[in-house]
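Contents: one structure, followed by commentary.
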Amino acid sequence: MKKLDVITIGRSSVDLYGAQVGGRLEDMSSFNKYIGGSPTNMAAGTARLGLKSAVITRVGDEHMGRFILEELERHGVDTHGVVTDRERLTALVLLGIRDQEQFPLIFYRENCADMALCEDDIDPDFIASAKAVVATGTHLSHPQTEAAVLKALKLARKNGDRTALDIDYRPNLWGLSGHGDGENRFIASEKVTEKLQSTLHLFDLIVGTEEEFHIAGGTTDTIGALRNVRKVSGATLVCKRGPMGASAFEGEIPDRLDDGVSGPGFPIEVFNVLGAGDGFMSGLLKGWITGEDWVTSLTYANACGAFAVSRHGCTPAYPSWEELQFFLKRGVKTKALRKDPELEQIHWSTNRHYIHGGDWSTMRVFAFDHRIQLEQMADEAGVTHEHIGFFKNLCLDAAQKVAGGQPGYGILCDSRLGQDALFRAAGTGLWIGHPVEWPASRPLSLEPEIGEDFGGLSEWPAEHVVKVLCFCHPDDDGGMRAQQEDVLKRLFAACRRNRLELLLEVIPSKVAPVNDDTNAQIIRRIYELGIYPDWWKLEPMTSLDAWSKACAAITENDPYTRGIVVLGLDAPEEQLAESFAQAARFQLVKGFAIGRTIFGDAARGWLSGKITNEAAVEDMSNRFERLCQIWDNARDEARLNSLQGEPA
């Protein structure tokens with residue numbers, strides 16, 4: 001048994017994609033940041049499809065290098081082969097989408113980290129842990145990186161493992177054209193052809209576009225080029241043909257490309273060809289490594305390539321295994337895949353991940369995003385509202401004291417009164433929820449910082465989860481319902497555009513009487529609107545039937561939801577324990593997000609000067625810890641009952 005399915009070797013960069021589409025790269029005013037470089041893209045793409053993937057490369061000892069490492073780890077890619085280079089910077093690439101034919105890009109790769117890869121970076125034991133090793137052409141362009149790649153390939157072949165090459169021909173990375181010519185995909189070169197042909201015998205699989213086989217075969221006649229490659233390699237050759245799909249050749253090369261083995265193509269709109277080949281290769285490797293036939297493998301590859309050309313970015317465009325299966329079963333509904341709501345929901349919900357990793361199967365959240373309540377407490381104590389910001393830092397201290405660096409803990413904190421605490425919480429590993437609603441608004445309105453166009457969300461850190469509280473009820477009149485639903489729909493769209501998760505909190509009991517069906521009715525209505533919250537925050541119901549109906553309403557509409565957290569409503573611990581006992585019986589309920597039950601007494605005492613900073617932190621941490629224990633006990637009891645045959 002091998003620990004890994006595949007190791008890729010070579011380029012690793014940060015891609016800065018122009019956010020504006022249809023203009024010159026010179027005119028781009030903002031950029032989206034993704035991981036890039038063919039081997040890095042393929043490692044992430046295959047991991048999304050369920051393979052155990054790794055990459056061998058180098059990154060700089062700086063923020064961009066750490067970004068690549070963290071992003072790979074979030075995708076589940078093994079990073080033991082990634083060397084941190086303390087002398088060189090991580091490579092950067094600037095890219096743009098001009099139109100369907102022009103995709104300008106600039107490689108910033110002068111003495112970059114990944115081009116310092118050397119033989120010493122190739123660990124024989126690491127190579128032996130994988131079923132397959134995949135190289136790309138760029139790293140054959142320099143003697144030092146070539147030596148590293150050849151060492152890995154020879155070790156793999158000695159071990160009896162598979163080897164593959166993505167030709168990945170970029171003429172300017174071979175020194176054949178200038179920095180401004182990054183978009184150019186073909187310049188004939190006898191030197192490059194000779195170098196490639198000297199290595200082709202080392203591969204079991206060779207993949208390239210027609211132009212890439214032209215450089216590998218030394219002729220612009222595609223059939224002739226394939227036959228020239230066949231003279232020096234017994235590998236299966238897969239020739240990518242753009243909208244015509246791809247053809248695989250296991251033996252002699254026939255007279256026509258159409259006579260090769262092929263898989264079905266997918267009629268989609270071309271939006272962005274950059275990274276399409278890496279998506280194609282990811283799908284191909286999924287089939288090849290798991291023993292599928294070539295028709296199936298090419299079907300995976302063509303579908304993954306279709307996703308890639310229809311979306312912004314490279315790695316972010318690639319599908320999850322669940323998404324790929326859904327697409328192959330359902331087919332194309334709209335040629336612009338990025339505009340297919342059903343497909344995009346599955347893409348989002350099966351590929352999203354937490355900024356700092358973490359296991360959020362249990363959620364213990366200290367909510368101190370309260371504004372009106374703390375302002376009232378400050379007024380009663382006769383102190384300024386500036387004191388509230390300092391107190392929220394004490395709340396954060398209490399949360400961190402209880403969390404102790406462990407996963408499964410979080411905070412809810414606002415930026416109007418608690419900005420300093422939010423700044424301090426960044427990067428600590430805590431789950432961070434950030435409210436947008438204007439407190440107690442009904443109909444729902446948002447904090448002024450969000451802006452009329454909701455553009456304020458573009459300034460938020462990617463690790464912040466947008467939390468919105470809506471006081472709604474199934475019996476709301478048409479006008480109230482329409483106003484609130486309009487805000488929620490626009491907010492959901494803004495969250496997705498800015499790649500932010502959304503937590504929707506609903507409290508119908510503050511509007512009108514509720515029964516066991518109330519929350520389920522609201523939930524179903526939200527999904528009818530096309531809104532898919534990543535998280536739900538529901539009030540502490542004590543009825544098992546109410547929890548059952550609410551959970552069913554969610555899972556029927558969104559099997560990939562993050563889950564539910566229970567809110568507190570300033571309830572005493574005894575009442576919360578009763579709700580926890582019912583909620584914990586449902587795996588969809590991940591934990592709680594509770595505030596005043598934890599901070600209420602401490603806030604009053606601290607704001608009035610009756611207790612010290614230390615005493616306030618001690619009181620809140622004790623209360624928070626007790627609630628954590630109550631939840632954990634409730635979950636343990638539910639599991640025990642389930643093992644004994646009772647429903648859970």
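The values are calculated or read from the model by the stated rules, or taken from the named source; none is laboratory data. As the structure is a computational prediction, the values presented were derived from the model and not from experiment. Positions of Cβ are generated from backbone atoms using ideal geometry, with glycine treated the same way; all protein chains shown enter the neighbour counts. Ligands, DNA and RNA are excluded from the accessible area calculation, which covers all protein heavy atoms including side chains. Shrake-Rupley method; radii C 1.70, N 1.55, O 1.52, S 1.80 Å.
A few remarks follow.
- Looking across GLY530, GLY568, GLY591, GLY595, one residue alone is closer than 27 Å to GLU380 by Cβ, of a type in the set (Gly, Ala, Ser) and in contact with a Lys or Arg (Cβ under 8 Å, 6 or more places away or on another chain). It is GLY568.
- Residues that are free of Cβ contacts under 8 Å to residues at least 40 places away in the same chain, more than 17 Å from the chain's Cα centre (by Cα) and open to solvent by less than 10 Å² (accessible area, probe 1.4 Å) within the stretch 298-339 comprise ALA303, PHE327, listed in sequence order.
- Evaluated against (1) at pLDDT 95 or above; (2) within 30 Å of HIS353 (Cα to Cα); (3) surrounded by fewer than 22 Cβ atoms within 10 Å (Cβ to Cβ); (4) hydrophobic (A, V, I, L, M, F, W, C), ALA593 falls short on exactly one condition, (3).
- The one condition from (1) of a type in the set (Phe, Trp, Tyr); (2) over 30 Å from ASP397 (Cβ atoms); (3) in contact with a strand residue (DSSP E or B) (Cβ under 7 Å, 6 or more places away or on another chain) that PHE586 does not meet is (3).
- Of all residue pairs spaced 6 or more apart or on separate chains, those with beta-carbon atoms under 6 Å, a first member in the stretch 510-533 that is closer than 18 Å to LEU569 by Cα and a second member that is open to solvent by 50 Å² or more (accessible area, probe 1.4 Å) and assigned to a loop (DSSP other than H, G, I, E, B) are ALA512/ASP475.
- Which listed residue, of ARG311, ARG338, is part of a loop (DSSP other than H, G, I, E, B) and touching a helix residue (DSSP H, G or I) at 6+ places or on another chain (Cβ under 7 Å): ARG311
Here's the yes/no breakdown for (1) within 23 Å of TRP606 (Cβ to Cβ); (2) part of a loop (DSSP other than H, G, I, E, B); (3) among the small types (Gly, Ala, Ser); (4) touching a Phe, Trp or Tyr at 6+ places or on another chain (Cβ under 8 Å):
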position: ILE388; (1), (2), (3), (4): yes, no, no, no
position: ALA399; (1), (2), (3), (4): yes, no, yes, yes
position: GLN406; (1), (2), (3), (4): no, yes, no, no
position: ARG424; (1), (2), (3), (4): yes, no, no, no
position: PRO443; (1), (2), (3), (4): no, yes, no, no
position: GLU449; (1), (2), (3), (4): no, no, no, no
position: ASP453; (1), (2), (3), (4): no, yes, no, no
position: LEU457; (1), (2), (3), (4): no, no, no, no
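- Annotation: of all residues in the stretch 430-466 being acidic (Asp, Glu) and open to solvent by 40 Å² or more (accessible area, probe 1.4 Å), the one that is farthest from the chain's Cα centre (by Cα) is GLU452.
- Residue match in the stretch 127-143 (condition: assigned to a helix (DSSP H, G or I), open to solvent by 10 Å² or more (accessible area, probe 1.4 Å) and either more than 27 Å from LYS195 (Cβ to Cβ) or out of contact with any Cys (no Cβ under 6 Å at 6 or more places or on another chain) (or both)): yes
- Among the residues listed as THR315, THR296, the single one being over 25 Å from LEU95 (Cβ atoms) and polar (S, T, N, Q): THR296
- Residue among LEU491, LEU500, LEU469, LEU529 that alone is open to solvent by 10 Å² or more (accessible area, probe 1.4 Å), closer than 23 Å to PRO341 by Cβ and modelled with pLDDT of 95 or more: LEU529
- Odd one out for THR84, checked against (1) at pLDDT 95 or above; (2) in contact with a Lys or Arg (Cβ under 6 Å, 6 or more places away or on another chain): (2)
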